[in-house]
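To start, the structure itself, in C-alpha cells.
The values are calculated or read from the model by the stated rules, or taken from the named source; none is laboratory data. Quick caveat, the model's predicted, so the values are computed rather than measured. Here the Cβ positions follow ideal geometry from the backbone for every residue, glycine too, while neighbour counts run over all protein chains shown. Heavy atoms of the whole protein, side chains included, go into the accessibility calculation; ligands, DNA and RNA do not. Shrake-Rupley method; radii C 1.70, N 1.55, O 1.52, S 1.80 Å.
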Amino acid sequence: MAMEVTQVLLSAQSIDGNVRKHAEDSLRQFQEQNLPGFLVSLSGELASEDKPVDSRKLAGLILKNALDAKDENRKQELVQRWLSLDPVAKTQVKSCLLQTLSSLVPDARSTATQVIAKVAGIELPQKQWPELIGSLLSNIHQVPTHVKQATLETLGYLCEEVSPQVVDQDQVNKILTAVVQGMNASEGNNDVRLAATRALYNALGFAQANFSNDMERDYIMRVVCETTVCPELKIRQAAFECLVSIAAMYYEKLAPYIQDIYNITAKAVRVDEEPVALQAIEFWSTICDEETDILEEYMGDSNGDSDIPCFYFIKQALPALIPLLLETLLKQEEDQDLDEGAWNIAMAGGTCLGLVARTVGDDIVPLVMPFIEENITKPDWRQREAASYAFGSILEGPSPDKLAPLVNHALPFMLSALVKDPNNHVKDTTAWTLGRMFEFLHSSIVGTPIINEGNCQQIITVLLQSMKDVPNVAEKACGALYFLAQGYEDVGPTSPLTPLFQEIVQSLLTVTHREDATESRLRTAAYETLNEVVRCSTDETATLVVQLVSVIMMELHKCLEAQNLSSDEREKRSELIGLLCGCMQVIIQKLGSLDSTKYVLVQYSDQIMRLFFRVFACRNATAHEEAMLAIGALAYSIGQEFSNYMPEFYKFLEMDLQNFEEYQVCAVTVGVIGDICRALELKILPYCDGIMTQLLKNLSSDNLHRSVKPPLFSCIGDIALAIGDNFNKYLMYAMNTLQLAAEMYAHTSGFDDEMTGVYQFFEKWDIRGIFCDFSRV
C-alpha cells in the first residue's frame, strides 16, 4: 500500500527547477491515484529515524496540508476526505504520528505535534480516536524529557484545534493537571516548562469549571504567577501571555490576585526585557477592555444591570498604574515613527494610557497633567515627545468640560511646537495630538469651542505648513486637518473653512505630487483629507468643487496612460487609481446633492464613464471596487440619464457579480445595482433577466463568501421596487429563496452583525435548484 518516497521528497526540494517539478508531479500523481497509500507513506517517512531530516519535515508538512486549509470550503472537503478514508490506513497514519513524538529529531517531533492536533480536530468531534488523550497523558510520565515536551506541545495544539465541548471534564482536569505540573519550577527542563506554559495558554478556554473552583483556581494562578519570574525569557513571556488571556476570559475571578499581579507586572514593565514588558502592559490594556465593555453594557441596559460585575480594578490601581505607564512613554526608540509596524514599550504604554482614560474618564486628568506640564518644555526630545503623547492619549474618555480649558490653554503651544520643534519625533506626536484634539473636542457638544474665528486661520496655516514637512509629520498634519474639517460638518450655510477652501485643496493636491508621497501613507492621507474637506464643505464652495472634477479626471487620465512600469510601479499606480476613483466618488456625491450643480455631472458623465471603463481594464481589486462605488454615486446623481451607459457597463456588472475570488468587489457591485435600480427604475428592465439569474446563482453558491449573501436579498428588493409588476416573472423564485431564509431565521435566536440567520441558512439548505436562466422564461 505504501511506497518509498524519500528520494521524491528530497527531489521536491531541489534547487534544480526541472528536478523539483518532476518530483512534485510524482507526488501529486501518487496522491490522486492512491490517497491512503500516499498518506501512509508520508507518515511512515515522518516516523522513520533513519530517514533524512529534510524529507521527514516535508512529509509532515504535506500531511498537515492534506488535513487543513485556510479556505473554509476547501477545509471541509479535506475533512470529509479524511473521514471517508479507509480505517486501516487512518490507524496506520495515527500510529506513526504518535510514534514520531518519541523521535530524537526536534523538527520531526514538532511537525508531528501539529499533524496530530489536526487529525484530532477532525476526529474528536465525531467521537473517533477516543484513546488519543489518554495515550498522550501516559507519555507525560515517561522519563525522556523530549517525549514529555512533545506531548505537552501536542496537548496545546489539540486544545487550539477542538472546542471545549468536545472534551469531557474528567479529561480536561487531567490535561490541566499535566500542563500545570509541567510549568512548575520543580520541572528542571526549560523546553518542557515552555511547552507546558504555551499549552496552558491554549487550554484556558477549557478551564471554566476549574476557575469556578477556588482551590483549583488558586493553584493555577499561583503556578502562572511563579512562572512569570522564571529565569528563561521565553517562559516568562508565555506566562504573561497566560495572564493576559486569563484577564480576558476570567475577569470576574481576578479580585483575590489583582494586587499580586500588579506587583508582578510593574516589576516586569520597569526591569524586564521588552517582550515580557509588552505582555505585562497588555494585561492592563485587557483589563481596561473588559471594564469598558462591562460599563457600556451596564449603561446600555434598561435595568442598569450587567452579566458580569465591574470590580473597578483600573480605578483602584490609578495612583500606582498611571506613574508606571508614564514612565514607559520615555522609552522611545529612534526612528520608530518611520516604521509602520513598530511596536515598543512606549507605544504600548501610550495605548494602555488611552484605554485607561476611556475606562475612568475625568479621574485620569489630574494624574497625567503634572507629567505633561513638567516635561513639555524639557531640552530632551524624549521628554517633550512623551508629554505630547500623554496629552493625546487622554483626550478620549474624560468629559469635554474637563478637557476643553486644558486644550484651549495648550493649543497655541502645540501649534508652535509643530512648526518650531527641532525634533521630528516631537513634531510627529504633536500633529497626532492636535488631530486627537480636533477629533474629540471640535464639535457642537463642547461648551467652549477650541477652534474659533480668532485661531482658525492660524491653525490651518500651521497644518498646511506642516504638510510640507517630512512624510511622517506631514501625514499626521493631514490627519489633523481631516478631523478639523469633519468638525464643521452640518455647520450651516457658512463655514470658517470657506475662505481657505481653495488654499486647503491646492495644498493637499500638492502633497499628493510629492516625490516621497508614497512614504508613511502620505498620499493616502492627503486624498482622504481632501475627500473629507469636500464632503464637509458648504454650498458656498460648490463652484470650487466643480473645478475639482476636471482636475481629478486629468490625474486619473495621466495615471491610466502610464506605461512600461515595473511591478512596484504598477502596484503604486493601482493604489493611486483607487484613491482618485474614491475622490471622484466624493465629488460626485457632493455635486449630486445640490440642485445647482447636478447639471455639471451630466455634462461630464461621458468623460467620467470612459475613464472608469478604463479602470476596469486594470484588473486591480481595490481600484475596481472604488470605480464601481463612484459609478453607483454617478448613477444615483444623474438618474435616468445613466441608462445611456448601461449597454457597455452591463458586461462589467455581470463580470463583477461572478467575481467570487475578490468577494469584496462582488459585494460592492451588489450594492451598486441597488443604486442603479433607484436611478433607472423601469429602464433597468432590459437587464433584469441577466442580473436576477446571477443573483440567485450567487445565493446558491458554496464558493461565494457568506458575508456577500445578505446584501443579495436587499438587491432583489431594489429590483422589485424599480420594475414593479414586471417583477412577477421572478416572484416565485425570489419567494422560494425568502421562504427558506425565513424558515432558517425561525430556528435561530436572531441576526448578528453579519445576519447569521441568513447565511447559516445557506450552509444548512441546498438551494442550487431554485435559480434559472430568466432569459428563457
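Some values worked out for this structure:
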read-out	value
Which listed residue is in a helix (DSSP H, G or I), touching a helix residue (DSSP H, G or I) at 6+ places or on another chain (Cβ under 6 Å), of a type in the set (Val, Ile, Thr) and closer than 28 Å to Glu540 by Cβ, from Val462, Val426, Val473, Val407	Val462
Residue count, segment 174-193 (criterion: open to solvent by less than 30 Å² (accessible area, probe 1.4 Å) and under 33 Å from the mean Cα position of the chain (by Cα))	6
Which listed residue is open to solvent by 20 Å² or more (accessible area, probe 1.4 Å) and either at pLDDT 95 or above or part of a loop (DSSP other than H, G, I, E, B) (or both), from Gln165, Gln171, Gln128	Gln128
Residues satisfying the stated conditions in segment 131-155, i.e. among the polar types (S, T, N, Q) and not in a helix (DSSP H, G or I)	Gln142
Count of residues meeting criterion [under 20 Å from His409 (Cβ atoms) and either of a type in the set (A, V, I, L, M) or open to solvent by less than 10 Å² (accessible area, probe 1.4 Å) (or both)] in segment 446-462	6
Test: residue in segment 338-356 that is among the acidic types (Asp, Glu), assigned by the TED database to the domain that holds Ala277 and modelled with pLDDT under 95	yes
2 or more residues more than 25 Å from Leu158 (Cα to Cα): qualifying helices (runs of 4 or more DSSP H) within segment 206-312	214-227, 258-271, 274-300
Single condition Ala195 does not satisfy, out of (1) free of Cβ contacts under 8 Å to residues at least 40 places away in the same chain; (2) closer than 22 Å to Leu132 by Cβ	(1)
Condition met for Gln465 (at pLDDT 95 or above, of a type in the set (S, T, N, Q) and open to solvent by 10 Å² or more (accessible area, probe 1.4 Å))	yes
Ala623 open to solvent by less than 10 Å² (accessible area, probe 1.4 Å), touching a Gly at 6+ places or on another chain (Cβ under 6 Å) and part of a helix (DSSP H, G or I)	yes
Failed item in (1) outside any helix (DSSP H, G or I); (2) open to solvent by less than 20 Å² (accessible area, probe 1.4 Å), with Cys618 passing the rest	(2)
Every residue from segment 1-53 that is within 19 Å of Leu97 (Cβ to Cβ) and of a type in the set (Lys, Arg)	Lys51
Residue under evaluation Asp380, criteria (1) over 33 Å from the mean Cα position of the chain (by Cα); (2) not assigned by the TED database to the domain that holds Cys288, criterion not met	(2)
Among (1) surrounded by fewer than 21 Cβ atoms within 10 Å (Cβ to Cβ); (2) charged (D, E, K, R); (3) under 29 Å from Glu575 (Cβ atoms); (4) under 33 Å from the mean Cα position of the chain (by Cα) - the single one Asp702 does not satisfy	(3)
Residue list for segment 420-445, filter: open to solvent by less than 10 Å² (accessible area, probe 1.4 Å) and either modelled with pLDDT under 85 or among the aliphatic types (A, V, I, L, M) (or both)	Val426, Ala431, Leu434, Met437, Leu441
Residue, nearest to the chain's Cα centre (by Cα), within segment 264-292, restricted to residues that are open to solvent by 30 Å² or more (accessible area, probe 1.4 Å) and under 22 Å from Val180 (Cα atoms)	Gln279
When residues of segment 349-394 are limited to those that are hydroxyl-bearing (Ser, Thr, Tyr) and open to solvent by 10 Å² or more (accessible area, probe 1.4 Å), the one farthest from Ala410 (Cα to Cα)	Thr359
Wholly enclosed helices (runs of 4 or more DSSP H) of segment 648-744 bearing at least 1 residues among the basic types (Lys, Arg) and over 30 Å from Arg614 (Cβ atoms)	709-723
When residues of segment 478-495 are limited to those that are outside any loop (DSSP other than H, G, I, E, B) and not small (Gly, Ala, Ser), the one modelled with the lowest pLDDT	Gln486
Within segment 13-62, considering residues that are assigned to a loop (DSSP other than H, G, I, E, B) and farther than 20 Å from Val93 by Cβ, the one least open to solvent (accessible area, probe 1.4 Å)	Ser14
In segment 631-665, the residues that are crowded, with 22+ Cβ neighbours inside 10 Å and either polar (S, T, N, Q) or in contact with a Leu (Cβ under 8 Å, 6 or more places away or on another chain) (or both)	Leu634, Ala635, Ser637, Ile638, Phe642, Leu657
